[in-house]
Amino acid sequence: MNSRLVPLIALVVVVIDAVLLATGVIGPATAFALFLAVEVPLGAIAVTGYVRRYRAHRADTGTRADALRALGAEDPYIRLIGTEARTLASLARWVTRRPDVPDGAAALGYSRGTLGIPVAMAVAASIELIAVHLLVPWPEVRLVLDLLGIYGLLFVLGWLAGRIVRPHLIEGGELVLRSGTHVCARVPLDAIVTVRRDRRLSPTSAEIEADAGGGASLALPGPEGTNLSIALARPVPASVPGSPWSRPEPREVAVLRLHVSDPDVAARAITQAVASAEATPRPVTLRRTTPD
């Protein structure tokens, strides 16, 4: 059986079992018997497949983190779980006021002016949750819909939090561009040629667009477009967020167009970081040579 099909079947069976139990179609004894007869074997097969693939990646990469990244790169379910985990982590960071900014890194926020739509979505999800709870007369169905509504509300709030607690970063000789939980590009500071304030009304969604000269540019806009442009001396790989289960497709870009909360502050910070990187002397390795 296809290794990607087994986890999907196991998940579908779990959902069906839970819905039938919650709606009273089957009793606890039947639900437990179904769990033992179907879900446990399918879960064991799925876990065995993941362990085998993880070990293969571990043998090739050598580190646990690299093996997990390689496994996630080839498996949509791992990508989906990872995306949702990072989204909920963003919500936790927002509540506890712990932005994802490492020590020594400079943060460049991009949430100002972009939160209107997600806030409206969160309000609409809250109203829908309350309305469903009050209007649905069947307790079992109401419970299922309430759980789905709470999950949807948490996901919207987590997506909103991600834009606040995960800003762009200047760190370790790189400009790290992010869109919520997705890292779009890591740009070496020595590849940056110019940084300028540049107001553009389109596009209004993250994308990689082809330029007239045959190259490509990365656009990370807000609802009103972009306000900062960065030209690069050489192309760098970049990607934009897609579906939670989809694999990002990196492309080479030579121009970056961003929406940032304060373009003047961002341009000054990037320019100063580039100048500081250029002024930092590179270590020289001395090699001892043996005379002939």
Does at least one position in segment 132-141 carry a residue that is in a helix (DSSP H, G or I), under 16 Å from the mean Cα position of the chain (by Cα) and either more than 30 Å from Ala275 (Cα to Cα) or free of Cβ contacts under 8 Å to residues at least 24 places away in the same chain (or both)? no
Among the residues that make up segment 185-194, is at least one of them buried (at least 16 other Cβ atoms within 10 Å of the Cβ), out of contact with any Ser or Thr (no Cβ under 9 Å at 6 or more places or on another chain), among the aliphatic types (A, V, I, L, M) and in a strand (DSSP E or B)? yes
Within segment 131-149, restricting attention to residues that are exposed (fewer than 12 other Cβ atoms within 10 Å of the Cβ) and modelled with pLDDT of 80 or more, which residue is nearest to Thr23 (Cα to Cα)? Pro137
Would you point out which residue out of Ala70, Ala89, Ala124, Ala65 is under 15 Å from Gly152 (Cβ atoms) and not in a loop (DSSP other than H, G, I, E, B)? Ala124
Name the residues in segment 88-99 that are among the basic types (Lys, Arg) and surrounded by 14 or more Cβ atoms within 10 Å (Cβ to Cβ), would you? Arg93
Flagged in segment 172-197 as among the basic types (Lys, Arg), over 27 Å from Gly242 (Cβ atoms) and in contact with a Pro (Cβ under 8 Å, 6 or more places away or on another chain), in numbering order, are Arg197
Is it the case, given these coordinates, that Arg93 is more than 20 Å from the chain's Cα centre (by Cα) and either modelled with pLDDT of 80 or more or assigned by TED's automatic domain parsing to the domain that holds Thr204 (or both)? no
For segment 28-87, which positions are more than 23 Å from the chain's Cα centre (by Cα), surrounded by 15 or more Cβ atoms within 10 Å (Cβ to Cβ) and of a type in the set (Gly, Ala, Ser)? Ala31, Gly43, Ala46, Gly49
Could you give every pair whose Cβ atoms fall below 6 Å, whose first residue belongs to segment 220-237 and is not assigned by TED's automatic domain parsing to the domain that holds Leu115, and whose second residue is surrounded by 22 or more Cβ atoms within 10 Å (Cβ to Cβ) and not in a strand (DSSP E or B), counting only separations of at least 6 or pairs across chains? Pro221/His259; Gly222/His259; Thr226/His259; Asn227/His259; Leu228/Val260; Leu228/Ala266
Please work out which one of (1) β-branched (Val, Ile, Thr); (2) over 19 Å from Val14 (Cα atoms); (3) touching a residue at least 40 places away in the same chain (Cβ under 8 Å) is the condition Ile45 fails and give its number. (2)
Of the residues that make up segment 25-39, is at least one in a helix (DSSP H, G or I), over 30 Å from Leu145 (Cβ atoms) and out of contact with any Gly (no Cβ under 9 Å at 6 or more places or on another chain)? no
Name the pairs whose Cβ atoms lie under 6 Å apart, with the first residue in segment 241-268 and at pLDDT below 95, the second surrounded by 16 or more Cβ atoms within 10 Å (Cβ to Cβ) and charged (D, E, K, R), and 6 or more positions between them or separate chains? Trp245/Arg79
I'd like to know if segment 100-117 contains one or more residues that are loosely packed, with under 15 Cβ neighbours inside 10 Å, of a type in the set (A, V, I, L, M, F, W, C) and closer than 30 Å to Gly149 by Cα. yes
Among the numbered conditions (1) in a strand (DSSP E or B); (2) in the same structural domain as Leu129 (by TED's automatic domain parsing), tell me where Phe155 comes up short. (1)
Criterion: in the same structural domain as Ile150 (by TED's automatic domain parsing) and among the acidic types (Asp, Glu) - qualifying residue of Glu84, Glu128: Glu128
Hits in segment 198-257 - residues which are part of a strand (DSSP E or B), of a type in the set (A, V, I, L, M) and closer than 13 Å to Ser179 by Cα: Leu218, Ala219, Leu220, Ala238
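The values are calculated or read from the model by the stated rules, or taken from the named source; none is laboratory data. From a predicted model like this one, the values you see are computed outputs, not experimental measurements. In this analysis, Cβ positions are derived from the backbone assuming ideal geometry, glycine residues included, and neighbour counts consider all displayed protein chains.
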